[in-house]
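The values are calculated or read from the model by the stated rules, or taken from the named source; none is laboratory data. In this text, all values refer to a predicted model and were calculated from it rather than measured experimentally. Reconstructed Cβ throughout: ideal geometry from the backbone, glycine too, with neighbour counts over all protein chains shown. Side chains included, ligands, DNA and RNA excluded: accessible areas come from the protein's heavy atoms. Shrake-Rupley method; radii C 1.70, N 1.55, O 1.52, S 1.80 Å.
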Amino acid sequence: MVWILGTWNVNSLKARQEHVLRYLEKKSPSVLCLQETKLRDEAFPKAVFESRGYQVLHAGGPGRNGVAILTRDPAKGIIRGFPEVDDPQAHERLFGAEIRGIYVISVYVPNGSPVGSDYFLYKLEFLYRLREFLERHFTPETPLALCGDFNVAPGGLDVYDPELLEGQICFHERERSALRLLADWGLVDALRLKHPDKPGLFSWWDYQFGAFRANRGMRLDHIWVTRPLAERLADCFIDCEPRTWSKPSDHAPVIAVFDLPD
DNA sequence: ATGACTGGAGTTTCCAGA
């Protein structure tokens, strides 16, 4: 069977509810991970999504964060935040569940701006904690998909101007190396597995300066998969269509298509 | 033309996003 997994930073679900519903209707993903819902748990309009056949798992809070997993199939083995670490922010930034034998994680890595600040160090720490979390709870042989907004462009191909952006937030060597350390646990970047050398593939564009029209963006949203899942990957792409809709999120969905046994 | 974006909080202007 074809199993479609998506991840999308919606920049407020309240502002983007109609976009998300339209997207589910048009593309019918099996699972859609969301980031930046900006909702408290009790404020999530669960019934609206349930009536369209999606179970809602949401980890929000009073702040600007909030991650969710919308799934057509039942979920179990739910994990919220880093269970072994006292990190309240992670409770609104990490949510995982097992769906059809695949462990799906929706994550929103802190932005970390400005470079060099305490918040920047927290971003790096968050990426290290993410690796420790994987080490503790899973193995690289677990079918696992780590999806979300990593707020890091992995390499020079993933930003519109690597020379200009080098050292700036989301394209600093310390961020990239923290991301590599995470991936070295046993994860593959699904998009680069299918499109290893293709430039101009971005998932975020600044609202300002006509950045989307000029395709001046960065690839900050990723789907990282373990080997057993990578072997099942049929396709991976960034779906720019919702970025063209009226009042869009500044991020576009990333979609991975898998061929799973029936 | 010297600006140019968006959402949320909370109250009219600021902060954060990336």
- Is segment A:194-262 rounded, prolate or oblate when judged by the Cα gyration tensor, a ≥ b ≥ c being the square roots of its eigenvalues, rounded requiring a/c under 1.5 and prolate requiring a/b larger than b/c? prolate
- Enumerate by residue number the GluC sites (Glu not before Pro) in segment A:129-174 meeting two conditions: DSSP loop (anything except H, G, I, E, B), and at most 11 other Cβ atoms within 10 Å of the site's Cβ. A:E141
- Query: Per residue of chain A, what 222 nm ellipticity follows from adding -39500 (n - 2.57) for every DSSP H run with n ≥ 4, rounded to the nearest 500?
  - Reply: -7000 deg cm²/dmol
- Message: Under the rule a/c < 1.5 gives rounded, and otherwise a/b versus b/c splits prolate from oblate, where does segment A:76-200 land using the Cα gyration tensor?
- Response: oblate
- Note on the structure: Under a 1.4 Å probe, counting only protein heavy atoms, A:C147 has an accessible area in Å², nearest 10, of 0 Å²
- To the nearest 10 square angstrom, what accessible area does A:K198 show with a 1.4 Å probe? 100 Å²
- Query: How many lysine pairs in segment A:2-259, separated by 8 or more positions in sequence or lying on different chains, have Cα atoms less than 27 Å apart?
  - Reply: 25
- Query: For A:R16, A:R213, what's the largest-to-smallest order of accessible area, 1.4 Å probe?
  - Reply: A:R213, A:R16
- Cut-off of 10 Å, at most 12 other beta carbons, DSSP loop: longest stretch of chain A lacking such chymotrypsin sites (Phe, Trp or Tyr not before Pro): A:1-206
- Note down the accessible area of A:R216, probe 1.4 Å, to the nearest 10 Å². 100 Å²
- For segment A:154-200, taking Cα atoms only, what is the radius of gyration to one decimal and the Dmax to the nearest whole Å? 11.3, 31
- So for A:T71, A:T142, what's the accessible-area order with a 1.4 Å probe, most first? A:T142, A:T71
- Looks like segment A:1-99, by Cα gyration tensor root eigenvalues a ≥ b ≥ c and the a/c under 1.5 rounded cutoff (else prolate when a/b is bigger than b/c, oblate otherwise), is oblate
- Note on the structure: With the 1.4 Å probe rolled over protein heavy atoms, chain A has an accessible area per residue in Å² of 42 Å²
- Query: How do A:S246, A:S106, A:S113 stack up against each other in accessible area, from largest to smallest, with a 1.4 angstrom probe?
  - Reply: A:S246, A:S113, A:S106
